[in-house]
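Nothing in this text is a laboratory measurement; each read-out follows from the coordinates by a stated rule. Given the structure is predicted, the values throughout are model-derived calculations rather than measurements. Don't worry about glycine lacking a Cβ; one is built from the backbone with ideal geometry, like all the others, and counts go over all protein chains shown.
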Amino acid sequence: MRNVSSYVVVLFLSVAIVGCGGRKAVDRDIDVDAVDGVGGVSTSGLDGSGTSTSGLDDGTTGIGNAIGAGGPEGELLSKRVVYFDYNSSLLTLESEAIVQAHADFLANNPGVQIILEGHADERGTREYNLALGEDRAKSVAQVMEALSVSGGRIQNVSYGEERPVALGYDEAAFALNRRVEILYQ
């Protein structure tokens, strides 16, 4: 009986050690213009101008150089979060411009892949919010594919309401949580 207990403990520790080491850190950035005036949102990873710099130039994507180039496209590329209206997966005009800038970058850099993370605010059921987050990610992916980005380079993930960036039960917090994050790999 003692041997069985020893095996169970060793097995448990082995699984725990293997399970902790397999996750890849993912960089998350927030559009600072949408955060102004909302408490509880961290803006770490932002330079003094309010432009997100965290993880943008890891030497593989070159997106940091595109942002550093300035101009309207560089400004749009610095925004890696697009926001949606309540209960909608339709892109706003501002979101379309951001998605187009990223699609142009991806079209000119065929080795780069992205993850589109869809999110929703906490209103609605868990299942509905997961579906809405997925629809939002698909909406962004469809625009990118229409702009010549291969669908094989885009991965869609939905977190629904599970990963809010703003806590609170008011419209300002809800608006920040209705989003798709564009994450470069």
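Results for (1) surrounded by 19 or more Cβ atoms within 10 Å (Cβ to Cβ); (2) touching a residue at least 60 places away in the same chain (Cβ under 8 Å); (3) of a type outside the set (A, V, I, L, M), shown as yes or no for each residue.
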{"residue": "G74", "(1), (2), (3)": "no, no, yes"}
{"residue": "D85", "(1), (2), (3)": "no, yes, yes"}
{"residue": "E94", "(1), (2), (3)": "no, no, yes"}
{"residue": "F105", "(1), (2), (3)": "yes, no, yes"}
{"residue": "A131", "(1), (2), (3)": "no, no, no"}
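Here E122 fulfils each of the conditions (1) surrounded by fewer than 17 Cβ atoms within 10 Å (Cβ to Cβ); (2) free of Cβ contacts under 8 Å to residues at least 40 places away in the same chain; (3) acidic (D, E) apart from (2). Taken together, F105, F84 contain a single residue that is closer than 19 Å to A173 by Cα and either in contact with a helix residue (DSSP H, G or I) (Cβ under 8 Å, 6 or more places away or on another chain) or not acidic (D, E) (or both), which is F84.
Looking only at region 82-118, residues that are touching a Leu at 6+ places or on another chain (Cβ under 9 Å) and within 19 Å of I154 (Cα to Cα) come to 21 in all.
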